[in-house]
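Encoded as structure tokens, the structure appears first; notes follow it.
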Amino acid sequence: MTTTFADLTTMRVGGPIGRLHTPETIPEVVDLLHETTAAGDPLLVMGGGSNLIVGDVGWDGTVIKTASSEFDIDGEVVTAAAGVEWDHLVRTTVAEGLAGLEALSGIPGLVGGTPVQNVGAFGTVTSDVLASLSVYDRQTGALERWTPDRCGFGSHRQSVFKHSDRWVVVDVTYRLRRSDQSKPIGYAELAARLGIEVGGTAAPADVREAVLALRRGRGMILDPEDHDTWSVGSFFINPVLAEVPDSVRDCPRYPDAKGTKLPAAWLIERAGFPRGFGHDWGNGTVALSSRHALAVTNRGGATTSEVMKFAAHIREGVEACFGIRLGPECDLVNCSF
Ligand SMILES: Cc1cc2nc3c(=O)[nH]c(=O)nc-3n(C[C@H](O)[C@H](O)[C@H](O)COP(=O)(O)OP(=O)(O)OC[C@H]3O[C@@H](n4cnc5c(N)ncnc54)[C@H](O)[C@@H]3O)c2cc1C
């Protein structure tokens with residue numbers, strides 16, 4: 001039977017895959033990259049499919065789903081292949097007495113995806129702990145070791161890897177701290193859960209448990225029985241504006257390298273789309289999560305085109321209300337809204 005993107009992505013939509021490879025070692029990944037690049041075959045590299053939506057037409061080319069599992073801890077330096085499951089890495093480092101990744105507990109996907117959108121949660125982003133990474137350049141065929149300054153981090157969820165198929169992340173090295181204390185916790189909700197003041201610290205294992213509990217409450221831990229988690233996490237990116245219009249005077253705002261960041265969830269809810277919106281819209285296969293207004297979810301049997309129609313409806317509503325146009329946080333391939 002043909003494998004589809006609906007089988008391999010957390011949103012569970014998307015059409016058939018031409019040729020699927022799941023290389024299990026770094027040399028296999030690199031050999032496949034050489035071969036497909038030399039053959040000029042259209043190539044899509046993916047990890048856990050937790051930030052990716054592909055059209056109902058699928059992908060008529062090669063898909064490499066990394067399954068490379070090399071993993072090494074050397075003192076405070078941890079190197080993992082792109083195919084290592086992210087939360088396995090977090091769990092292992094916390095158990096080994098290393099601090100640094102605990103706030104990123106429970107995020108779906110694989111190591112290779114973390115620099116792509118500089119994955120972050122609860123005040124920690126990948127670039128805080130990134131030491132270097134191996135990158136395959138599909139234009140030159142070279143395998144290079146990069147330091148974080150080449151990755152184009154800065155503005156919210158941006159990197160040179162996003163919206164470009166030139167570079168493939170082959171492995172990632174993180175610099176952590178051997179410590180029984182986390183970095184200061186800046187998130188009030190997380191601090192309250194830990195029973196500490198904002199700015200206080202806690203044992204990394206306790207931070208991990210608190211983060212997992214908070215994420216579960218928001219439907220942000222994958223669970224096949226729970227349609228609120230059939231998503232890409234945050235579907236819409238928090239907009240970063242050079243100037244904040246008067247229409248959003250009351251909206252919380254945060255500084256960003258490129259201007260001011262506004263919470264897309266606030267805009268969506270205030271534009272008239274509460275959590276759970278969509279059950280009685282269209283044919284009900286797509287709705288906002290009942291616990292998180294930023295998550296567009298598949299309620300069962302949705303197609304990519306239904307997800308795109310729904311996203312366009314939300315975007316138009318927000319634009320009509322505030323004059324701010326929301327864009328996707330996830331990668332859309334062979335589909336758009
Ligand atoms: C329930 C849920 C909760 C989430 N919570 C968060 C959160 O708290 N914070 C957050 O930042 N994100 C969150 N996400 C989004 C997602 O988990 C992350 O973006 C994750 O890092 C994506 O990794 P992946 O392996 O699934 O990538 P995929 O979805 O497979 O790919 C995403 C993009 O990265 C590219 N890519 C993947 N691997 C490589 C590689 N090795 N080299 C180059 N490009 C590559 C793909 O081509 C695609 O463009 C959440 C998603 C879900 C479903």
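The values are calculated or read from the model by the stated rules, or taken from the named source; none is laboratory data. Here the structure is a predicted model, which means the values were calculated and not measured. So basically every Cβ, Gly included, is an ideal-geometry build from the backbone, and we count neighbours across all protein chains shown. When the accessible area is computed, the model is the full protein with side chains, heavy atoms only, and any ligands, DNA or RNA have been set aside. Shrake-Rupley method; radii C 1.70, N 1.55, O 1.52, S 1.80 Å.
Quick check: at a probe of 1.4 Å, how many percent of the accessible area of the stretch 227-333 sits on carbon and sulfur atoms? Mind showing how you got there, number by number?
On the way: 2220 of 4610 Å².
Carbon with sulfur: 48 percent of the solvent-accessible area.
Considering the options ALA242, VAL172, GLY284, tell which one lies farthest towards the positive end of the dipole of the chain, charges being +1 on Lys and Arg and -1 on Asp and Glu at the Cβ, about the Cα centre.
Result: ALA242, furthest along the dipole toward the positive end.
Accessible area per residue for the stretch 71-217 in Å², computed with a 1.4 Å probe and the full protein assembly in place, what is it? List each step's numbers first, then the result.
On the way: 6050 Å² over 147 residues.
Ligands and nucleic acids excluded, the result is 41 Å² per residue.
Ordered by packing density, taken as the mean number of other Cβ atoms within 10 Å over each peptide's residues, highest first, how do 38-51, 18-31, 245-258 rank? The partial results should precede the final answer.
Numbers: 38-51: 18.7, 18-31: 16.7, 245-258: 11.6.
Packing order, densest peptide first, comes out as 38-51, 18-31, 245-258.
What does the charge dipole of the chain about its Cα centre add up to, to the nearest 20 debye, if the Cβ of each Lys and Arg holds +1 and the Cβ of each Asp and Glu holds -1?
Values: 30 positive and 42 negative charges, 176 e Å.
Around 840 debye, computed over the chain.
I'd like the distance between the alpha-carbon centres of the stretch 37-82 and the stretch 235-273, rounded to an integer number of Å.
So the two Cα centres are separated by 32 Å.
If you take the square roots of the eigenvalues of the alpha-carbon gyration tensor of the stretch 36-137 and sort them as a ≥ b ≥ c, do you get rounded (a/c under 1.5), prolate (a/b over b/c) or oblate? Could the numbers behind the result be given before it?
Details: a/c = 2.41, a/b = 1.78, b/c = 1.36.
Prolate shape, in that a/c is at least 1.5 and a/b is the bigger ratio.
For the chain, build the charge dipole from Cβ charges (+1 Lys, Arg; -1 Asp, Glu) around the Cα centre, then report which of ILE324, THR66, GLY152 sits farthest towards its positive end.
Positive-most Cα among the choices belongs to ILE324.
Summing +1 for each Lys or Arg and -1 for each Asp or Glu, what net charge is found among the other residues whose Cβ lies under 13 Å from the Cβ of ALA312?
Numbers: positive: LYS309, ARG315, ARG325; negative: GLU306, GLU316, GLU319.
Every neighbour counted, the sum reads 0.
To the nearest 20 debye, what is the magnitude of the charge dipole of the stretch 5-65 about its Cα centre, counting +1 on the Cβ of each Lys and Arg and -1 on the Cβ of each Asp and Glu? Can you show the working numbers first?
Working: 3 positive and 8 negative charges, 44 e Å.
Taking the Cα centre of the stretch 5-65 as origin, the dipole is about 220 debye.
What's the long-distance tail for the stretch 216-337, i.e. % of Cα pairs beyond 27 Å? Could you put the intermediate results ahead of the total?
Details: 1167 of 7381 pairs.
Tail of the P(r) past 27 Å holds 16 percent of the pairs.
Give me the net charge for the shell around LEU143: Cβ to Cβ below 12 angstrom, other residues only, Lys and Arg +1, Asp and Glu -1. Each step should come with its number before you reach the end.
Working: positive: ARG138, ARG145; negative: ASP31, ASP137, GLU144, ASP171.
Taking every Cβ under 12 Å from that of LEU143, the sum is -2.
Count the net charge of all other residues whose Cβ sits under 12 Å from the Cβ of GLU209, scoring Lys and Arg as +1 and Asp and Glu as -1.
Working: positive: ARG91, ARG193, ARG208, ARG215, ARG216; negative: GLU102, ASP206.
Overall, the nearby charge balance is +3.
Using only C-alpha atoms and all pairs of different ones, pull out the Kirkwood radius for the chain in Å with one decimal. Mind dumping the intermediate values first?
Values: mean 1/r = 0.0482 Å⁻¹.
Radius from the Kirkwood sum: 20.7 Å.
Along the positive direction of the dipole of the chain (beta-carbon charges: Lys, Arg +1; Asp, Glu -1; about the Cα centre), which of MET308, GLY100, LEU222 reaches farthest?
MET308
Enumerate the lysines that LYS261 could reach by cross-link, defined here as Cα to Cα under 22 Å, with residues fewer than 8 away along the same chain left out.
LYS162
When averaged across all projection directions, what area in nm² does the alpha-carbon convex hull of the stretch 71-217 cover? Let's see the in-between values first.
Details: hull surface 34.1 nm².
Value for the stretch 71-217: 8.5 nm².
Which helices of the chain meet both criteria: a Cα extent of 18 Å or more along the helical axis and a mean Kyte-Doolittle score no lower than 0.0, with helices taken as whole DSSP H segments?
Numbers: long enough: 26-39 (20 Å, 0.53); 204-217 (20 Å, -0.08); 304-322 (27 Å, 0.23).
In the chain, the long hydrophobic H runs are 26-39, 304-322.
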